[in-house]
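Readers should treat all values here as calculations from the given coordinates under stated rules, not as data from a laboratory. Bear in mind that the values here come from a model prediction, so they are computed numbers and not experimental data. Every residue, glycine among them, receives a Cβ derived from its backbone with ideal geometry; neighbour counts consider all protein chains shown.
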Amino acid sequence: MSKLVINTYDKRSRIDKNIYGNFSEHLGRCIYNGIYVGEGSPIPNEAGMRTDIVKALREMKLPVLRWPGGCFADEYHWRDGIGPKENRKLMVNTNWGDVTEDNSFGTHEFFELCRQIGCEPYINGNVGSGTVAEMSEWIEYMNFDGTSPMANLRAENGHPEPFGVRFFGVGNENWGCGGSMRPEYYADEYRRFANFCRNYGEHRLFKIACGPNADDYNWTETVMKLAGHHMSGLSLHYYTICHNWDHKGSATAFDESEWYLTMKGALRMEEIISGHERIMDRYDPHRRIALIVDEWGNWFDVEPGTNPGFLYQQNTIRDALVAGATLNIFNHHSERVRMANIAQLINVLQSVILTDGEKMILTPTYHVFKMYAPHQDATLVGSFIEKEKIGVEEKVRVDDLSESASLDAEGNLTITVCNLSCTDAKKIEAVLVGFKPASVDAEIVTGKMDAFNTFESPENVKAEPFDGVSVTDEGLSFTLPECSVLRITAKR
Ligand code: AHR
């Protein structure tokens, strides 16, 4: 048995809804043959966007979507993706399988997608192989309301009104695929590029600088020191790799030892965020600058028989646990972490949706994101759960439980708890301080550790109602099955 203590008097930061964001990249079948099928497709669509996918993302309450990459952003030239499609320039997607990119999905299509989903766009600009003028003109194209060369061009292309982008990334992974820069050099480049990213009228930019890879604390130190005053956010990329880059392991065929290796990798997010926060706190003690975890998630070997450059992987209950535990970590750090974007939306790494022709499945990760939606824009409250170390190998022991809790505007309490054990259920006695529940409602995502949805059995794993929560004198009591992510909402 473990005690869970939730103190509703201990109100902390707002959990920015954008923590529940996602990332769409021109990579494999994320955009083409994923969300975008084109207007002529027999698959039901609106302006080329699959209606079934848009509906699912609306239901998941997707708040923000990053585009066009990733490494793809580092070689993307936005002018190639505007105007009549038949005139758009071809390019080779050198990062992802050397496929020919026809640029039929560009700026206008991305904003249309966000409009249909009802989410906010986050555009990532090209520092690696682009120019300052090119970036500056893209912003003028998207945001200037009036007569100007770029605003006129936008109107000629069918959109007289500005698109009004707010979140803008000045470079991606400039320590790697974005130019192999040193942090000192990038900090100067950031300052130069960001200088020409103009605010137009009411359209004020939230400029996001390229931040560190995982635990590269020197990058954060240097960029904060040299360019901190010029940014609104600093990005962080951290992927969970089960073994190493050459052997990432199968997404579906794994044993208990690989289960715990993956959990250990995912829980490292806590240590990594805390490490970067400590540095940021020295340069920005009032926490003006947001930490934006704009790439995260599980990265496994590609599904056998698929293009290695497309990074297509399946998604099991293990991914559900990684999503649930990581989102709990972000909630706890929401004073500094104000956006996160899991990679990638469809058909790539830890995707929420997979497609095969006209078929579509929602992954276990999708169900966790949807189940956690009540945390969006709610207030984090203090919580503590008693944990035990578990695992099959002495050097790979992890905490068995993960939790977070929030109060929404109506005063409803949402608690999310994960049981990371792949063998043992756990009884939880929850003490609720300052909260007497009149009613509770709960949902769970659970199953065998390697359960996943297929196009033949799309509902092997889904969120199901959970009636195992009882109200006690102190609060709540329930037993969490092994491999489970639970959401409880209590009303006064
Ligand atoms: O998500 C795949 C790639 O991982 C992204 O394009 C890049 O930014 C990161 O290295």
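Annotations
- For segment 1-80 and segment 161-208, distance of Cα centres in Å: 21 Å
- Diffusion constant of segment 436-492 at 4 °C, which comes from Stokes-Einstein with the Kirkwood Cα-pair radius and 1.567 mPa s, µm²/s: 102 µm²/s
- Residue-wise HN-Hα coupling along segment 344-350, computed from phi with Karplus coefficients 6.51, -1.76, 1.60 (Hz; x: Gly, Pro): 10, 3, 9, 6, 10, 6, 7
- Amide H contacts of N298 (H built 1.01 Å from N, under 5 Å, at least 5 apart or other chain): T240, Q350
- DSSP-assigned coil residues among trypsin sites (Lys or Arg not before Pro) in segment 394-427, each with at most 15 further Cβ atoms within 10 Å: K395, R397
- Across the chain: Cys residues that no other cysteine approaches within a C-beta distance under 4.7 Å: C30, C114, C119, C197, C210, C242, C418, C422, C483
- Rg/Rh for the chain, where both radii come from Cα atoms and Rh is the Kirkwood radius: 0.96
- Flagged links, alpha-carbon separation over 18 Å, of K248/K462; K61/K370; K426/K462; K3/K427: K248/K462; K426/K462
- Rounded, prolate or oblate (a/c below 1.5 giving rounded, otherwise prolate when a/b exceeds b/c) for segment 337-409 by Cα gyration tensor: oblate
- Take every DSSP beta bridge whose two residues both sit in segment 327-460; close to 95 percent of them are antiparallel.
- When DSSP beta bridges are restricted to pairs lying wholly in the chain, around 60% turn out antiparallel.
- In the chain, the calculated helix contribution to ellipticity at 222 nm averages -7500 deg cm²/dmol per residue, counting -39,500 (n - 2.57) for every DSSP H run with n ≥ 4.
- Backbone geometry of segment 266-272 corresponds, through the Karplus equation with coefficients 6.51, -1.76 and 1.60 at θ = phi - 60°, to 3J(HN,Hα) couplings of 5, 5, 5, 3, 4, 5, 5 Hz, x marking Gly and Pro.
- Within the chain, the longest run free of exposed loop sites, counting GluC sites (Glu not before Pro) that sit outside DSSP helix and strand states (H, G, I, E, B) and have at most 16 other Cβ atoms within 10 Å, spans 40-201.
- Relative contact order of the chain, taken over Cα pairs closer than 8 Å and 6 or more residues apart, is 19 percent.
- Total charge dipole magnitude, the chain, about the Cα centre, Cβ charges on Lys, Arg, Asp, Glu only, Debye to nearest 20: 1220 debye
- Reachable aspartates and glutamates, given that their alpha-carbon falls under 16 Å from the alpha-carbon of K85 and they are not under 8 places away in the same chain: E39, E101, D102, E109, E112, E156
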